[in-house]
Amino acid sequence: MSTQNFLFETSDLVMKKKILSAREHYDFEDVNGAKLGEADGNLVQFPPKFVIIDNHGQELMHLEGKLLSFRNQFTIYDTNGAELGTIKKKIAKLIGEEYWVEKNGVEFMRIYGDFTEHDYQMEVNGVPVASVHKKWVTLRDEIGISMTAEMDHRVVIGAVIVIEHIEVTERQSRH
């Protein structure tokens, strides 16, 4: 089984994020600590972009932020440039925050929970498909991702990267 398939077929992942870095970098591991891939982005790139690669440096997918948008919006692409979905953040919500993912203008996944605490869920048609939870605070944030139903792992992984990026940049702009 190739690393690429393993990253997208593993139900439980750990995303490790470097906290103090000039760029955004995430490592993906299985629950036993075996590295499955990584994602790289640049904090000063506009619009922001991320590339997810396997252990051999081969691109698995990429994410691109949208220029000049009222809301934060990123599109998730496969290796051939085909759109897998676009994740958007709800602009105003009375309590909490919410994201959704759509394709061809139609919403297919809703994401809700406590994004600051890295504790949120993803649902398709009201059915939970993935959950995200912060494992503990160390030199690298460790975020657990659990796939609980049949779902394109690339969309889930892409959504988690986007949410982490948006939450960090919004927190930095408030300070």
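The values are calculated or read from the model by the stated rules, or taken from the named source; none is laboratory data. All figures in this text were calculated on a predicted structure; none of them were measured in a lab. Here the Cβ is made from the backbone with ideal geometry for all residues, glycine too, and neighbour counts use every protein chain on show.
Of note:
- Options 99, 112: the member that is surrounded by 19 or more Cβ atoms within 10 Å (Cβ to Cβ) and either hydroxyl-bearing (Ser, Thr, Tyr) or modelled with pLDDT of 95 or more (or both): 99
- Only one of the numbered conditions (1) in a strand (DSSP E or B); (2) of a type in the set (Val, Ile, Thr); (3) at pLDDT below 95 is not met by residue 91, and that is (1).
- Residues located in region 70-82, provided they are more than 13 Å from the chain's Cα centre (by Cα) and surrounded by 12 or more Cβ atoms within 10 Å (Cβ to Cβ): 71, 72, 78, 79
- Of the set (1) modelled with pLDDT of 85 or more; (2) touching a helix residue (DSSP H, G or I) at 6+ places or on another chain (Cβ under 6 Å); (3) farther than 20 Å from residue 23 by Cβ, all apply to residue 63 but (3).
- Apart from one condition, residue 158 fits all of (1) modelled with pLDDT of 95 or more; (2) closer than 18 Å to residue 17 by Cα; (3) assigned to a strand (DSSP E or B); (4) not hydroxyl-bearing (Ser, Thr, Tyr); the exception is (3).
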